[in-house]
1. Any chance you could count how many residues in segment 358-412 are of a type in the set (Phe, Trp, Tyr), more than 15 Å from Arg291 (Cβ to Cβ) and open to solvent by 20 Å² or more (accessible area, probe 1.4 Å)?
2. Hey, among the residues in segment 51-63 that are in a helix (DSSP H, G or I) and closer than 20 Å to Phe135 by Cβ, which one's nearest to the chain's Cα centre (by Cα)?
3. Looking only at residues in segment 358-377 that are part of a strand (DSSP E or B) and more than 19 Å from the chain's Cα centre (by Cα), which one is farthest from Leu336 (Cα to Cα)?
4. Please determine, by comparing only the residues of segment 162-199 that are touching a helix residue (DSSP H, G or I) at 6+ places or on another chain (Cβ under 8 Å) and among the basic types (Lys, Arg), which one is nearest to Ala58 (Cα to Cα).
5. Sort out which residues of segment 291-307 are in contact with a Phe, Trp or Tyr (Cβ under 9 Å, 6 or more places away or on another chain), surrounded by fewer than 23 Cβ atoms within 10 Å (Cβ to Cβ) and closer than 17 Å to Ile261 by Cβ, and write them in order of number.
6. Please go through segment 332-354 and pick out each residue that is assigned to a loop (DSSP other than H, G, I, E, B), among the small types (Gly, Ala, Ser) and closer than 21 Å to Gln298 by Cβ.
7. Return the residues of segment 64-83 that are free of Cβ contacts under 8 Å to residues at least 40 places away in the same chain, in a loop (DSSP other than H, G, I, E, B) and under 16 Å from Val132 (Cβ atoms); say none if nothing qualifies.
8. For residues that are among the charged types (D, E, K, R) and at positive phi, tally how many sit in segment 241-288.
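The values are calculated or read from the model by the stated rules, or taken from the named source; none is laboratory data. Here the structure is a predicted model, which is why all the values come from computation and not from measurement. Note that we place each Cβ from the backbone using ideal geometry, even for glycine, and neighbour counts take in every protein chain shown. Accessible surface areas use protein heavy atoms only, side chains included; no ligands, DNA or RNA. Shrake-Rupley method; radii C 1.70, N 1.55, O 1.52, S 1.80 Å.
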Amino acid sequence: MTRRDLLASGVAAGALSLASWAAWAAAPELKPITGGIVPIGRAERAARLGKARAIMRANDIGAILIEPGASMVYFTGVRWHRSERLTAAILPVEGDPCIVTPFFEEPSVRETLGVPAEVRVWQEDESPIAQVAAFLKSRKLDRSAIGIEETVRFFASDGLAAALSNARIVSANPVVRGCRMIKTSAEIALMKAASDVTIAAYAHAIPLIEAGMTPADIGGMIDAATVALGGSPEFALVLLGEASAYPHGSGQPQHVRPHEIVLMDCGCTVDGYQSDISRTVAFGGATAEQRKVFGEVQQGQRIALAAAKLGAPAGSVDDAVRRSYEGLGYGPRYRLPGLSHRTGHGIGMDGHEPVNLVHGETTRLAPGMCFSNEPGIYIPGKFGVRLEDCFHMTAGGPMWFSEPQRSIEWAG
């Protein structure tokens, strides 16, 4: 069945399922390209725990508390969900971690546990916080500083503070950020694989865009191609025409029209690590103004990469781009027309991670840090252009995960 057949079959444009798009978008030439990846293993996680303990000792932190999410996967391998029933990981400064989870969830939680750990369970009529406190007391950490990972919910941190009145509740950021912000070669390889998938999905889907398509149609094509290539779709934001002037879009109906902008911001995961790449094309040919703005954004990307020097404050990258744009008459600062958002954000297991390439951020750039580079330009009432590729810091400076787009008239 062809795409035209699907659209003619009575299914409303924009309502086609991922499975329907996959019936044609996953063309024979689209084969998985992730077969050679090396998943994060026990040795890597053991090294992470060792580094975390060293940072805890340096910061006089006795243990850290983590809820399900990327940080729990990062340190323990446990892939779980958050609900009103608390599952938590406690990483002590000495010895193995502990997983606290409901009794009936223990077998499922153990399925992805990737490090030696004690598992303590609680019954439906018991308090999970009591189990967390009991573990800390058993390790003689109930009078220590207990670090709380920044996404832990208030009921958990507040409950622990009440249960351990002699403990000091502090931020776990020095530990968690100190580990997760610096990617290893194994993590870099997975992020490169995710970027390769997204670039290949774009290369397949963009030439198939036709007049009248909706954002959902285009996003469905990209997602289907991503699956065929071996990635897991994470997001597919597609902005058409004037909607491209608003970084996260508009609720107004949108359709592809000749000589209007198609802005796509898409990403996927490969073994838990993300890509985040934006491409902007002019369907049916660009106007002189669109081509001019595209060139200015290209230059913005180059300026950002050049400013990403080892030891430089992360905020200086944003400042360099903004100075250039203001010299072109945009802004000033975050005003429109111009660049209304930060130049970039950290990326890894989460699409947005600390720290950001934003004015005032003093964190120094170091090898292993990974960022998006997306200095868009937005002109309200007309259109916007965003070009986004991610890079990682090496001992020799920044290195792209994906090669930047060359032309607003799509050429890969």
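1. Keep residues of segment 358-412 that are of a type in the set (Phe, Trp, Tyr), which gives 371, 378, 383, 391, 400-401, 410.
Cutting the leftovers down to more than 15 Å from Arg291 (Cβ to Cβ) gives us 371, 378, 391, 400-401.
When the remaining residues are screened for being open to solvent by 20 Å² or more (accessible area, probe 1.4 Å), the result is 400.
The number of residues fulfilling the criteria is 1.
2. First, pick out the residues of segment 51-63 that are in a helix (DSSP H, G or I): 51-58.
Narrowing the set further to residues that are closer than 20 Å to Phe135 by Cβ leaves 52-53, 56-57.
Details: Ala52: 22, Arg53: 26, Met56: 26, Arg57: 29 Å.
So, considering only residues that are in a helix (DSSP H, G or I) and closer than 20 Å to Phe135 by Cβ, the one nearest to the chain's Cα centre (by Cα) is Ala52.
3. Our first condition is that a residue be part of a strand (DSSP E or B); within segment 358-377, this holds for 364, 370-373, 377.
Applying the additional criterion that residues be more than 19 Å from the chain's Cα centre (by Cα) yields 364, 377.
Values: Arg364: 29, Ile377: 8 Å.
It comes out as Arg364.
4. Ranking the candidates gives Arg180 first.
5. Glu296
6. Let us first name the residues in segment 332-354 that are assigned to a loop (DSSP other than H, G, I, E, B), namely 332-337, 339-343, 347-352.
Applying the additional criterion that residues be among the small types (Gly, Ala, Ser) yields 340, 348, 351.
Across segment 332-354, the qualifying residue is only Ser340.
7. Pro68, Val78, Trp80
8. The initial filter retains those residues of segment 241-288 that are among the charged types (D, E, K, R), namely 242, 257, 260, 265, 271, 276, 279.
Within this subset, residues satisfying the condition of being at positive phi are 271.
Residues in segment 241-288 being among the charged types (D, E, K, R) and at positive phi: 1 in total.
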